[in-house]
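The values are calculated or read from the model by the stated rules, or taken from the named source; none is laboratory data. Source: prediction; values computed, not measured. Cβ atoms come from the backbone with ideal geometry, glycine included; neighbour counts cover every protein chain shown. Side chains included, ligands, DNA and RNA excluded: accessible areas come from the protein's heavy atoms. Shrake-Rupley method; radii C 1.70, N 1.55, O 1.52, S 1.80 Å.
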Amino acid sequence: MMAALFRMNCMQSLRRGLTLMSSKETTIYRRIATTPSRHDEPKEETKSIKRKWVSYGFSQKSEVEDTHALHQTMFVCVTIVLVIGCTVMAYLPDVRGKDWAQREAYLQLRYREEHGLPPISPNYIDPSKIILPTDEELGDTEIII
């Protein structure tokens, strides 16, 4: 019994929340019945109740201006910055030349293999420019080749 009452209360509050969130009308009319007089028919008066509005932070005075500014900002952020920005970054040229360097290395290896040369020349650096330490400077240091 208690669970059924709880579910009913939740459903009613959910319906009330959904009517507050709908933006179809700016004012909601509620009928208030007064107690009937002796000889008169019951009179009903209509009071207009303004819908509650919580600002998005763009305008505190106008709901229309606030909503428009929100939609404009979201359009600019999502469409222009994210979509167009990611597209531009995806199609940027290779600024560091990584693709070119790798392609050039494969071409050099292919050329050397076709002409019977070693992949890297043993004299890539001129041996006269290399200064090695003497045996006395090395001392007991272990040399691993």
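Numbers for the structure displayed
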| item | result |
| --- | --- |
| Members of the stretch 103-127 found to be open to solvent by 100 Å² or more (accessible area, probe 1.4 Å) and among the acidic types (D, E), listed by number | E113, E114 |
| Residues of the stretch 130-144 classified as open to solvent by 100 Å² or more (accessible area, probe 1.4 Å) and assigned to a loop (DSSP other than H, G, I, E, B), total | 6 |
| Entirely in the stretch 1-99, the helices (runs of 4 or more DSSP H) that have 2 or more residues that are out of contact with any Lys or Arg (no Cβ under 7 Å at 6 or more places or on another chain), of a type in the set (V, I, T) and modelled with pLDDT of 65 or more | 63-75, 85-90 |
| Members of the stretch 93-102 found to be over 27 Å from the mean Cα position of the chain (by Cα) and open to solvent by less than 100 Å² (accessible area, probe 1.4 Å), listed by number | G97, D99, A101, Q102 |
| Test result for A90, open to solvent by less than 60 Å² (accessible area, probe 1.4 Å) and either of a type in the set (A, V, I, L, M) or more than 30 Å from R51 (Cα to Cα) (or both) | no |
| Any pair with Cβ under 7 angstrom, 6 or more apart, that starts in the stretch 48-66 at a residue that is of a type in the set (S, T, N, Q) and ends at one that is open to solvent by 100 Å² or more (accessible area, probe 1.4 Å) | S48/Y29; S59/E65 |
